[in-house]
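Participant: Below you'll find the structure I mean.
The values are calculated or read from the model by the stated rules, or taken from the named source; none is laboratory data. All values derive from a computational prediction rather than experimental measurement. Methodologically, a virtual Cβ is constructed for each residue, glycine included, from the backbone with ideal geometry; neighbour enumeration extends over all protein chains shown.
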């Protein structure tokens, strides 16, 4: 396959606490589809590959040997995940209904974006946005 036929895109990998057996927030709150997953013997997620409108991302359990930790493990935000969507308010409302904590309600900014923030149940901060 030549490089000219490969589409470049970001695929974030979000760390979740080891032993997590329920990642339904991503399907219920963000409308993600679970494409495939690898689970540990106890039924917890080792890795899951998900997609939101064709955009792939992964969740992966904490990895001590690589010093990769979920935000809750380090007691704070590790990265802000920006997600551009058609309806900012709908996505934020669905996320909150599924267990996210609203940190900044959606509003229009003078630089031409409508944005709002929430923190998902695993401590990841999301910036939901749309160019207006």
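Participant: From 99, 123, grab the single residue that is at positive phi and surrounded by 20 or more Cβ atoms within 10 Å (Cβ to Cβ).
Facilitator: Of 99, 123, the one residue that is at positive phi and surrounded by 20 or more Cβ atoms within 10 Å (Cβ to Cβ) is 123.
Participant: Further, regarding this structure: Hey, any hits in region 99-113 for a residue that's outside any strand (DSSP E or B) and closer than 24 Å to residue 37 by Cβ?
Facilitator: yes
Participant: Determine which single condition residue 28 fails, assuming it passes every other condition in (1) touching a residue at least 40 places away in the same chain (Cβ under 8 Å); (2) surrounded by fewer than 16 Cβ atoms within 10 Å (Cβ to Cβ); (3) more than 15 Å from the chain's Cα centre (by Cα).
Facilitator: Only one criterion in (1) touching a residue at least 40 places away in the same chain (Cβ under 8 Å); (2) surrounded by fewer than 16 Cβ atoms within 10 Å (Cβ to Cβ); (3) more than 15 Å from the chain's Cα centre (by Cα) is unmet by residue 28, namely (3).
Participant: Farther than 29 Å from residue 7 by Cα and free of Cβ contacts under 8 Å to residues at least 60 places away in the same chain: which single residue out of 34, 64 fits that description?
Facilitator: Criteria check complete, one pass: 64.
Participant: So, residue 18, is that one in contact with a strand residue (DSSP E or B) (Cβ under 7 Å, 6 or more places away or on another chain), over 21 Å from residue 117 (Cβ atoms), in a loop (DSSP other than H, G, I, E, B) and modelled with pLDDT of 90 or more or not?
Facilitator: In short, yes.
Participant: Mind listing whichever residues of region 59-79 are modelled with pLDDT under 85 and in contact with a helix residue (DSSP H, G or I) (Cβ under 8 Å, 6 or more places away or on another chain)?
Facilitator: Answer for region 59-79, where residues must be modelled with pLDDT under 85 and in contact with a helix residue (DSSP H, G or I) (Cβ under 8 Å, 6 or more places away or on another chain): 77, 78.
Participant: Could you say which residue among 86, 48 is buried (at least 16 other Cβ atoms within 10 Å of the Cβ), more than 13 Å from residue 124 (Cα to Cα) and modelled with pLDDT of 90 or more?
Facilitator: After applying the criteria, what remains is 48.
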